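What follows is a single structure, written as structure tokens, with notes after it.
The values are calculated or read from the model by the stated rules, or taken from the named source; none is laboratory data. The structure displayed is predicted, hence computed values, not measured ones. Virtual Cβ from ideal backbone geometry, glycine too; neighbours counted across all protein chains shown. We work out accessible area using only protein heavy atoms, side chains counted, and drop any ligands, DNA or RNA first. Shrake-Rupley method; radii C 1.70, N 1.55, O 1.52, S 1.80 Å.
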Amino acid sequence: MGSFLLRRTFSLIFVLWGGATILFLLFFLLPSNPAELVASGGGNRNPDPQVVANLEKKYGIDKPRFQQYTTYLGNVVTGDLGTSFRTSEPVIDIAKRRLPPSLRLAFWAVLIEASVGIGSGMLSARKRNSVGDYVTTITAVVLSAVPVFVLAFLIRQLTGVYAFQNDWPAWATFPPLGYGDNTWVLGVIPTGDTWKHLVQPAFVLASVSTAILARITRTSMLETMRMDHVRTARAKGLAEKQVMRRHVLRNAMIPVITVLGIDFGTMVGAAVLTETVFNLPGLGSQIVLSAKDYDLPVVLGLSLIVMLVYGLASLAVDLSYAYFNPRVRLGDDT
Amino acid sequence: MSGFLTDPLPDPTPETVIDESATAPPDPETGVDSSLSEVGPTRSLRADAWRRFRRNRLAMLGLFIVLFLIVVALIGPMLVQDPLDTGGISREAPTNQHIFGTDRLGRDVLARIVYGMRLSLFIGLVATAAETLIGIAVGAISGWFRGWPDTILMRLVDVMLGIPYLVLALAMVSVLGKGIGAVIITLAATAWLQTARTVRSGFLQVRELEYIEAAKAIGVPTRRIIWRHVLPNVFQPVIVLVAVGIGSAILAEAALSFLGVGLKAPAPSLGLMISESQSSFTTSPHLLFFPAIGIVLTVLGFLLVGDGLRDALDVKDT
């Protein structure tokens, strides 16, 4: 287990380094000089060469590129992600402010995904070819074809705007934007009116992955139910409930748990669209804003944070895998 | 025990359509029990797959949608009005003259959507074609030569998979700028990873088979072995990935345009139209609904075809 942990940690560091390098190279293929862009207010004015030179010096982009790269990596190792071109705020501070909302949103979205997705998937598998099964399957297919931003906007419009205008009962109306009181107990449990702000974005963020998870659960359960050991369990006369709980579910849940873990990591970065529509102060929406502004240190730094969260989530999944399945931790690295 | 008595019957759902030959119902067209004809020597693998595909209603619906999209893309522009003509009344609700209404600048929404779907299709096809070529090249080199090229390429894939898709796309677009070319490059450069992995694992399996050894033994040149003997045999999962990939590319383009980093304003991008429609949703909902239906229809078509292909070709793990 120890060496497995070491190997996986090393590969996480490698992925982070590689990601930073790719993004760094990408940014220095930029056709335009970020200092010029900032000095000209986004290309609206003719920039003063002296101002541009000063900005280049300030950002450290007057030095050779390789030196910028090594300096950046060195700084990242010590926890310094640079400062924003636009606001001069340290990127690490922006990250500290923007990460918690994203983590909370992803946490609740994964909870919804797990309960609704696994629940309906199991139901589909048990009552195969029933009306419920077809409804689940078709909903899942259609949901994966609807753009998240359309879904988010329509839900916001229905329960956030239309509901208020037409005096729907309080339980069916949700505030359309932001986080309200923004008060949390234990980091993740919303209090005050915060939970009302959380409902819509959490469901929207969970929607597509819930649909996919329901289908994965269904397939996995159907496959497990056809396995020999399940037939044996039935043959020896175990009650159906026992067969399901002890022999089918345990095995069928392995891929499902994997997907859940990966999804948590993905959602932190993939919440871009949801955060934008609901105007939530998360990492994704900040990356979009900064990308539009060519605020490269912020995009780069926050991308690294997103990669770190994603990497840690998949590390956790792998560890739980290795814990439950000795074959994984005893080599076989393919 | 009821489950035991009912479940062992072959699953009529697509996932297990492969083992339905045992108790398949008589073919509705010929009236012949298909379990008999299925073992017949005359039908090719491709014909078999097509039969399975045809039996899958959702897949056929998807195929129908895709054909409809192609027809719209080819002859649609001849039938609709000029999408750039700003002569109409601003944000008019659907009328006889503009059956999908007009947008803020008085342009005909139906025309914009027809051109938009054509553009989506174009971007989806070109980006997926490029992505597939990159994926096949990388996967083939990795899987055939193994050794250090494999290590380097697969580490690159690991790293790029570690960067969340939308973040990587945003970073690329912020470098390449807006426009159709930039979006296509971004989509292709971020989407080839899965194809490369799939092709590689196919190569790793096939290259050990005996007929490859035989081909080597009689002195077939390596390039010919790769092209004629290995590639065709790893192609089935790639076809599935292509169908699904077109759908995801279209969704991704819409998302990038919606976020304001995709296509530029006059382009008839469906994502852009949806983004523009939001401020006036309460007064003119048609500006959101019609483009949204356009996207959903397009993506749905390709996803259904992809799913159907996966079942018909019995591809696992893609």
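Every condition in (1) at pLDDT below 85; (2) within 30 Å of A:Leu308 (Cα to Cα); (3) more than 14 Å from chain A (Cβ to nearest Cβ) holds for B:Glu131 except the one numbered (1).
Looking at B:Arg207, B:Arg200, which one is more than 10 Å from chain A (Cβ to nearest Cβ), out of contact with any Leu (no Cβ under 9 Å at 6 or more places or on another chain) and not aromatic (Phe, Trp, Tyr)? Full working, then the answer.
Values: B:Arg200 fails: out of contact with any Leu (no Cβ under 9 Å at 6 or more places or on another chain).
On inspection, the qualifying residue turns out to be B:Arg207.
I'd like to know if segment A:105-118 contains one or more residues that are outside any strand (DSSP E or B), within 14 Å of chain B (Cβ to nearest Cβ) and either farther than 17 Å from A:Ala291 by Cα or modelled with pLDDT of 85 or more (or both). Before the answer, list the steps.
Step one: list which residues in segment A:105-118 are outside any strand (DSSP E or B), which gives A:105-118.
Keeping just the survivors that are within 14 Å of chain B (Cβ to nearest Cβ) gives A:106.
Narrowing further to those that are either farther than 17 Å from A:Ala291 by Cα or modelled with pLDDT of 85 or more (or both): A:106.
Scanning segment A:105-118 turns up at least one residue that is outside any strand (DSSP E or B), within 14 Å of chain B (Cβ to nearest Cβ) and either farther than 17 Å from A:Ala291 by Cα or modelled with pLDDT of 85 or more (or both).
Checked against the criterion of being acidic (Asp, Glu), free of Cβ contacts under 8 Å to residues at least 60 places away in the same chain and open to solvent by less than 40 Å² (accessible area, probe 1.4 Å), the candidates A:Glu240, A:Glu223 yield just one match: A:Glu240.
Among the numbered conditions (1) away from every other protein chain (no Cβ under 14 Å); (2) at pLDDT 70 or above; (3) within 26 Å of A:Val77 (Cα to Cα), the only one that A:Ala35 does not meet is (2).
Take the conditions without any contact (Cβ under 8 Å) to a residue 24 or more places away in the chain and under 27 Å from A:Val146 (Cβ atoms) and apply them to B:Ala182. Does it pass? Before the answer, list the steps.
Details: without any contact (Cβ under 8 Å) to a residue 24 or more places away in the chain: yes; under 27 Å from A:Val146 (Cβ atoms): yes.
Yes: the conditions hold for B:Ala182.
Residues in segment B:294-313 that are open to solvent by less than 30 Å² (accessible area, probe 1.4 Å) and more than 8 Å from chain A (Cβ to nearest Cβ) were compared, and the one that is modelled with the lowest pLDDT is B:Ala312.
So that you can scan it fast, the table gives a plain yes or no per residue for (1) within 22 Å of the chain's Cα centre (by Cα); (2) under 29 Å from A:Leu296 (Cβ atoms):
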{"site": "A:Tyr69", "(1), (2)": "no, yes"}
{"site": "A:Asn75", "(1), (2)": "no, yes"}
{"site": "A:Pro100", "(1), (2)": "yes, yes"}
{"site": "A:Tyr134", "(1), (2)": "no, no"}
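Could you check B:Pro268 against (1) part of a helix (DSSP H, G or I); (2) closer than 20 Å to B:Ala111 by Cα and say which number it fails? It fails just one condition, (1).
Inspect segment B:140-149 for any residue being away from chain A (no Cβ under 14 Å), touching a residue at least 60 places away in the same chain (Cβ under 8 Å) and out of contact with any strand residue (DSSP E or B) (no Cβ under 8 Å at 6 or more places or on another chain) and give the result as yes or no. The answer is yes, given that some residue of segment B:140-149 is away from chain A (no Cβ under 14 Å), touching a residue at least 60 places away in the same chain (Cβ under 8 Å) and out of contact with any strand residue (DSSP E or B) (no Cβ under 8 Å at 6 or more places or on another chain). Within the set A:Gly265, A:Gly301, A:Gly282, A:Gly261, the sole residue that is within 11 Å of another protein chain (Cβ to nearest Cβ) and among the small types (Gly, Ala, Ser) turns out to be A:Gly265. Restricting A:Leu205, A:Leu186, A:Leu213, A:Leu151 to residues that are surrounded by fewer than 15 Cβ atoms within 10 Å (Cβ to Cβ) and either at pLDDT 85 or above or more than 22 Å from A:Thr274 (Cβ to Cβ) (or both) narrows the list to A:Leu186. Annotation note: of B:Leu125, B:Leu176, B:Leu153, B:Leu168, the sole residue that is open to solvent by 50 Å² or more (accessible area, probe 1.4 Å) and free of Cβ contacts under 8 Å to residues at least 60 places away in the same chain is B:Leu176.
To keep it simple, each residue is scored yes or no on (1) assigned by TED's automatic domain parsing to the domain that holds A:Glu113; (2) surrounded by fewer than 24 Cβ atoms within 10 Å (Cβ to Cβ); (3) of a type in the set (A, V, I, L, M, F, W, C).
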position: A:Lys236; (1), (2), (3): yes, yes, no
position: A:Arg245; (1), (2), (3): yes, yes, no
position: A:Val256; (1), (2), (3): yes, yes, yes
position: A:Glu275; (1), (2), (3): yes, no, no
position: A:Val288; (1), (2), (3): yes, yes, yes
position: A:Ala291; (1), (2), (3): yes, no, yes
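Yes/no per residue for (1) at pLDDT 75 or above; (2) touching a Pro at 6+ places or on another chain (Cβ under 7 Å):
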| position | (1), (2) |
| --- | --- |
| A:Arg65 | no, no |
| A:Tyr69 | yes, no |
| A:Val76 | yes, no |
| A:Ser84 | yes, yes |
| A:Thr87 | yes, no |
| A:Pro90 | yes, no |
| A:Leu103 | yes, no |
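Residues B:Ser275, B:Ser248: which one is open to solvent by 10 Å² or more (accessible area, probe 1.4 Å), polar (S, T, N, Q), closer than 25 Å to B:Leu61 by Cβ and more than 7 Å from chain A (Cβ to nearest Cβ)?
Numbers: B:Ser275 fails: closer than 25 Å to B:Leu61 by Cβ.
On inspection, the qualifying residue turns out to be B:Ser248.
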